[in-house]
Amino acid sequence: MTTRTTFLGLGAMGSALAVAALDAGRPTVGWNRTPHRAQVLGERGATVADTVEDAVAGDGVIVACLYDHESVHQVLDPVVARLSGRTLINLTTTTPNQARELAAWAAEHGIDYLDGAIMAVPAMIGGPGSALFYSGSTSVFDEHRALLDLWGESSYFGTDAGLASLQDLAMLAGMYAMFAGFLHGAAMVDSVGVPATEFASRQAPFLAAMTGSFAHVAAIIDAKDYAGEGQQSLEFTQAALDSILQASIDQGVSVEVLRPVRDLVRRQIAAGFGKQGSDRIFEELRNTR
């Protein structure tokens, strides 16, 4: 018999995770700090718990999808004595060190812990393109793989509980920087009345083509081969960025997004690497460690 799955946190993402479990015929319990969010889940056949104590009573895996690291402790610390011998899958967004702290906390209290990061929006859960990263307990990942795979493609990064979060936030860093760059460009053309939708029709395929070079860039930085032929030099990139920034200023657009990139390039040139490839700014970023 399939034991129940308890979901703590029924916001948009937590509800999507719980619905996927319900649709697969898994007995499901749900709890949310604001009870009205659990009503729809209850109407679909889930057991709605009034309190965290009621939610974690009994057996089965516990899935936490809460607001942040602090909220995980706020919800679970009061009931931690009841969690010994249980399994906790934490899908709350945390930093790598916060995930490691939760893993240590769980181990101290006899809880089997798996940390997860969701690379999808709620509407994608259980469908094409949904992916989730995991790290922490290997046995939890293996034992509960059928549940995890209901939500999306499952990838396991190792026993260090912080690795899933690290991969997640590193990928989001690229996403947010990309969207900020798109918005900067949209602001530039907006200054002469070009709609953002028109700009997007050109920018999207251009960026898609540019991301095709990621593997080549990655090979360069892994090999530390910034002097190879065919690379755009830091000096050339500085000239290009200077032109973009000046054009932005001329159009009345803030340069807060792009100025830090130009500054990274300038520092590498000042260090004597102007003739080397622009991918060398990777070294400027990693040298802050």
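Taking the stated definitions as given, is residue 64 touching a residue at least 60 places away in the same chain (Cβ under 8 Å), in the same structural domain as residue 110 (by TED's automatic domain parsing) and surrounded by 19 or more Cβ atoms within 10 Å (Cβ to Cβ)? No: the conditions fail for residue 64. Taking the range 185-274 as the region of interest, the helices (runs of 4 or more DSSP H) fully inside it that hold 3 or more residues being within 20 Å of residue 175 (Cα to Cα) and not polar (S, T, N, Q) are 196-211, 214-223, 259-268. If you filter the range 228-253 down to residues that are exposed (fewer than 13 other Cβ atoms within 10 Å of the Cβ) and under 18 Å from residue 275 (Cα atoms), you find that the one that is farthest from the chain's Cα centre (by Cα) is 229. Residue 224 meets all of the listed conditions (1) on the phi > 0 side of the Ramachandran plot; (2) in contact with a strand residue (DSSP E or B) (Cβ under 6 Å, 6 or more places away or on another chain) but one, namely (2).
I need the full set of residues from the range 244-254 which are of a type outside the set (Asp, Glu) and free of Cβ contacts under 8 Å to residues at least 24 places away in the same chain, in order please.
Here is the first cut: in the range 244-254, the residues of a type outside the set (Asp, Glu) are 244-249, 251-254.
Residues satisfying the conditions are 244, 245, 246, 249.
Kindly indicate whether any position in the range 100-110 is within 20 Å of residue 10 (Cα to Cα) and either acidic (Asp, Glu) or free of Cβ contacts under 8 Å to residues at least 24 places away in the same chain (or both). No, the conditions are met nowhere in the range 100-110.
Residue 258 meets the conditions (1) of a type in the set (A, V, I, L, M); (2) surrounded by fewer than 17 Cβ atoms within 10 Å (Cβ to Cβ); (3) closer than 20 Å to residue 180 by Cβ in every case but one. The failed one is (2).
Could you say which residue among 6, 28 is touching a residue at least 12 places away in the same chain (Cβ under 8 Å) and closer than 12 Å to residue 65 by Cβ? Before the answer, list the steps.
On the way: 28 fails: closer than 12 Å to residue 65 by Cβ.
On inspection, the qualifying residue turns out to be 6.
The values are calculated or read from the model by the stated rules, or taken from the named source; none is laboratory data. Remember, predicted model here, so these are calculated numbers, not experimental data. All Cβ positions, even for glycine, are placed from backbone atoms using ideal geometry, and neighbour counts span all protein chains on display.
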